[in-house]
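This report concerns only the one structure given below.
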Amino acid sequence: MNYSEHKDNPKSFRALTGLNHLQFSRLLPYFEAAHDDYLSEYEMNGKRRNGSRRFCIYRNSPLPTVADRLFFILVYLKNNPLQEYHAACFNMDQKHCNQFVHCLIHILSLGLEAMGLVPAQTDKELSERLSELSKESVQPVLLHDGTEREIPRPSDYEEQKEWYSGKKKRHTVKNAVIISLSCLILFVSLTVPGKTHDKRMADTMYSFPVPCTLYQDTGYQGYAPEGVTIIQPIKKKKGCELSKEEKKNNREISKIRVRVEHAIGSVKFMRIVKDECRLRANQFVERIFAICAALHNLRITTEPWIYKI
């Protein structure tokens, strides 16, 4: 399997990489610049080279071009295969496949960061993004929610209890996500254990320094930061029924709030953040959701008509 075999088949290319050829072509120059800069100073295993030099790919490399390397890492993220299988597809052994995965995922992150597509991951970065957004509109409209991803069950019993999600009935990690009305992901929180409640993440991990309108679901009951206009469905009380007007109002809110579900679903188009993630080295589980969110932002900004307001 290689890039040249599939680049002229749009359906196959998108199924394998998660991107169409236009999006891939837009990403490739940034990936190539990050690739050459990084590998001129570091080896594939992450060790710093003795001296800086211009990087070149050896002729006998199983991934002989930068396009092949970008194709390799996107196929891995899109399909989440066993490394033995992925190595066999690209004519290499599992050891080198593992090195390529960890090296190229870092280079992909650098390339997406250079494009300005990686979401904010700290409260300070989010504040800067919202300050810029507030200059473009009188009052930004935002949506937030939490999402979980499955991980292998930890071997330690105490860790099992910490990472067990009662909602999903399995061991998970969780991230909070904030998006704009156009489905652009502005913020992805740090990765926390699956038992952490969405409201607790909102209370401790991010804030809204500028006035904005925030759509949320009933899981955030009681969350109302200062200066923020909260819009959420009316929660049905025990033993009571909602009126027709309240049900209609809830449907209207849900029509807008569902955009955050669409954005999360688009991120999970990459199966590495949908299925159980088996990699643990180099904080792979903690970093990968933000990278896949940046790939979602790449799709949105390349073809903004997909999510019309």
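Every number here is computed from the coordinates shown, using simple stated rules; none is lab data. Just so we're clear, the structure is a prediction, and the values are computed from it rather than from any experiment. Cβ sites come from the backbone with ideal geometry, for glycine too, and all protein chains shown count toward neighbours.
In segment 207-309, which chymotrypsin sites (Phe, Trp or Tyr not before Pro) are in a loop and have at most 15 other Cβ atoms within 10 Å, using DSSP for the loop call?
Sites meeting the loop and neighbour criteria: none at all.
Within 10 Å, Cβ to Cβ, of Ala120, how many net charges do the neighbouring residues add up to if Lys/Arg are +1 and Asp/Glu are -1? Could the numbers behind the result be given before it?
Values: positive: Lys124, Arg129; negative: Asp123, Glu125, Glu128.
Surrounding charge for Ala120 is -1.
Based on the alpha-carbon gyration tensor of the chain and its eigenvalue square roots a ≥ b ≥ c, which shape applies: rounded if a/c is under 1.5, prolate if not and a/b is larger than b/c, or oblate? If you can, show how the numbers build up before the last one.
Values: a/c = 2.00, a/b = 1.70, b/c = 1.18.
Prolate shape, in that a/c is at least 1.5 and a/b is the bigger ratio.
Shape verdict for segment 123-307, please, from the Cα gyration tensor: rounded (a/c under 1.5), prolate (a/b greater than b/c) or oblate.
oblate
Quick one: which residues, 5+ away or cross-chain, put their amide H under 5 Å from the amide H of Asp145? H built at 1.01 Å from N.
Val177
Would you kindly derive the ³J(HN,Hα) couplings of segment 297-302 from the backbone phi angles with the Karplus curve 6.51 cos²θ - 1.76 cosθ + 1.60 (θ = phi - 60°), listing them in order in whole Hz, with x for Gly and Pro?
Using θ = phi - 60°, the values come out as 4, 4, 5, 5, 6, 6 Hz.
Note the angle between two axes, namely the Cα long axis of helix 244-267 and the longest principal axis of the Cα atoms of the chain, as a number of degrees from 0 to 90, rounded to the nearest 10.
10 degrees
Hey, can you rank 34-40, 152-158 by average C-beta count inside 10 Å, highest first?
34-40, 152-158
Using the Karplus equation 6.51 cos²θ - 1.76 cosθ + 1.60 (θ = phi - 60°), what ³J(HN,Hα) coupling, rounded to whole Hz, does each residue of segment 25-35 give in order, writing x for Gly and Pro?
Result, ordered by residue: 5, 5, 6, 3, x, 5, 5, 5, 5, 5, 4 Hz.
For segment 25-163, rounded, prolate or oblate, judged on the Cα gyration tensor with a ≥ b ≥ c (square roots of eigenvalues), a/c < 1.5 rounded, else prolate if a/b > b/c?
Oblate.
Taking 7 Å along the Cα-to-C-beta vector as the label spot, tell me the Lys124-Asp37 distance in nanometres, rounded to one decimal.
About 2.0 nm, to one decimal.
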